[in-house]
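Remarks on the structure that follows.
Readers should treat all values here as calculations from the given coordinates under stated rules, not as data from a laboratory. Keep in mind that what you see is a predicted model, and the values were worked out from it rather than measured. Glycine gets a Cβ as well: all are built from the backbone with ideal geometry, and neighbour counts include every protein chain shown.
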Amino acid sequence: MSAVIMGIVNVTPDSFSDGGRYVDADVAIAHGLKLRADGAHILDIGGESTRPGAERVDPRVEQERVLPVVRALAEAGIVVSIDTMNASTAVAAVEAGARIVNDVAGGLADPEMLAAVAPTRADLVLSHWRGHSTDMYARAQYDDVVDEVVTELRGRVEAAATAGIAPSRVILDPGIGFGKKGAQNWAMLRGLERLVRVGPRVLVGTSRKRFLAETLADDPADADEAQRDLATAVTSVLAAQAGVWGVRVHDVAGTRDALTVARSWEEGSRWTSSTRSR
Ligand code: PMM
């Protein structure tokens, strides 16, 4: 069992768990380098918060935030992903060295996204999405969340193929916390294997999300960052066991250790940092 670890670098003043910590480009770059040293295989740079109720950000402001960080980390030899719903930001970030475009809207927020990414060499994360975070919970209505997410993501794979993006360049993401409330997220995670069977690589992001806090404490505000990171490491291991390709996390070191321990269990042997395959 193994999974690619995507470390999160949010260059935003208002992301729900780390907003404001890395708004300064130099601080964000230093944080990215630390996450790489901790074991991240990919760094995901974002300049627009998607927390529930977040206001949209002008793409020019988004680009001012992310491009210096993308450029510096790509120049350091790191595989960089750009977390954006805007085609113009995606293209500018790829020009600055990003190799993956991570669109939490699955190409649905910006009608130009698929056509913009197609002629680049970038891979594309397509997440399950039903609308912007201002009203995404109103759309969290499912008869069978796994069935509907799988069907809707199959549709996005087809749309990408029509735009000229082969399934081998696509990474699917169930969009945990996006248009899904508490138990719907657990149902989706329980059914991950069905999404894995669709074909393209699958990425999962549970990191520090509210549904974890709701499970840990009567009042989610009482679940602190350490508790949320531990819960993230557990869900990331279980996702890897379900066959996902990658996990997107804030606490790279904790998830790295959890995956190493799980691999030792699976192999029935001792893994060390020198035998660990990165
Ligand atoms: N979650 C957030 C932002 N970007 N991208 C992908 N592919 N999957 C996710 O689950 C995801 C994402 C929200 O979390 P953050 O504000 O802590 O980055």
Would you order SER207, SER17 from fewest to most other beta-carbon atoms within 10 Å of each residue's own beta-carbon?
SER17, SER207
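I'd like the per residue volume of the convex hull spanned by the Cα atoms of the stretch 23-72, given in cubic angstrom. All intermediate terms of the calculation are to be shown ahead of the outcome.
Values: hull volume 4.3 nm³, N = 50.
Output value, Cα hull per residue: 85 Å³.
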Fully extended contour minus Cα-Cα distance, from ALA76 to ALA115, at 0.36 nm per residue
11.2 nm
Residues of type aspartates and glutamates that LYS34 reaches as a straight line, Cα spacing below 16 Å, ignoring anything fewer than 8 places off in the same chain:
ASP18, ASP24, ASP26, ASP44, GLU75, ASP251, ASP257
Treating cross-link reach as a plain straight distance, find the aspartates and glutamates whose alpha-carbon is under 17 Å from the alpha-carbon of LYS181, omitting any fewer than eight places away in the same chain.
ASP135, ASP143, ASP144, ASP147, GLU148, ASP173, GLU214, ASP218, ASP219
Determine the distance separating the Cα centre of the stretch 196-222 from the Cα centre of the stretch 53-85; give it in Å without decimals.
23 Å
Between the residues ALA54, ALA40, SER88, the Cα farthest towards the positive end of the dipole of the stretch 1-118, that dipole coming from +1 and -1 charges on the beta-carbon of Lys, Arg, Asp and Glu, is from ALA40
Would you grab the residues whose amide H sits under 5 Å from the one on VAL125? Only those 5+ places off in sequence or on another chain, please, with H modelled 1.01 Å from N.
VAL101, ASN102, ASP103, ILE171
Distance in nm between SER168 and ALA183 label points, each 7 Å along Cα→Cβ, equals 4.3 nm
Could you tell me the distance between the Cα centroids of the stretch 97-157 and the stretch 234-271, to the nearest Å?
25 Å
Can you give me the distance in nm between label points at LEU230 and GLU266, each placed 7 Å from the Cα along the Cα-to-Cβ direction?
2.4 nm
Within the stretch 192-212, which residues have the backbone N less than 15 Å from the label spot 7 Å out from GLN241 along Cα→beta-carbon, could you tell me?
192-193
Please list, by residue number, everything in the stretch 109-132 whose backbone N is under 15 Å from a paramagnetic label point 7 Å out along Cα→Cβ of GLU152.
109-110, 126-132
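Give me PHE178, PHE211 sorted ascending by neighbouring Cβ count inside 10 Å, so fewest comes first.
On the way: PHE178 26, PHE211 22.
Least to most surrounded, the residues fall as PHE211, PHE178.
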Please work out how much length the chain gains when fully extended from ASP144 to ARG21, using 0.36 nm per residue of separation minus the C-alpha to C-alpha distance, in nm with one decimal.
40.5 nm
Mind checking which helices in the chain clear 18 Å along their axis (Cα) and have mean Kyte-Doolittle hydropathy of 0.0 or more, DSSP H runs only?
25-38, 145-163, 225-241
Ranking ILE82, ILE42 by Cβ neighbours within 10 Å, fewest first, what do you get?
ILE42, ILE82
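Given the Cα-Cα distance of TYR137 and ALA37 and 0.36 nm per residue of separation, how much length would full extension add, in nm? Don't skip to the end; give the middle numbers.
Details: separation 100, 0.36 × 100 = 36.00 nm, distance 3.67 nm.
Result: 32.3 nm gained on full extension.
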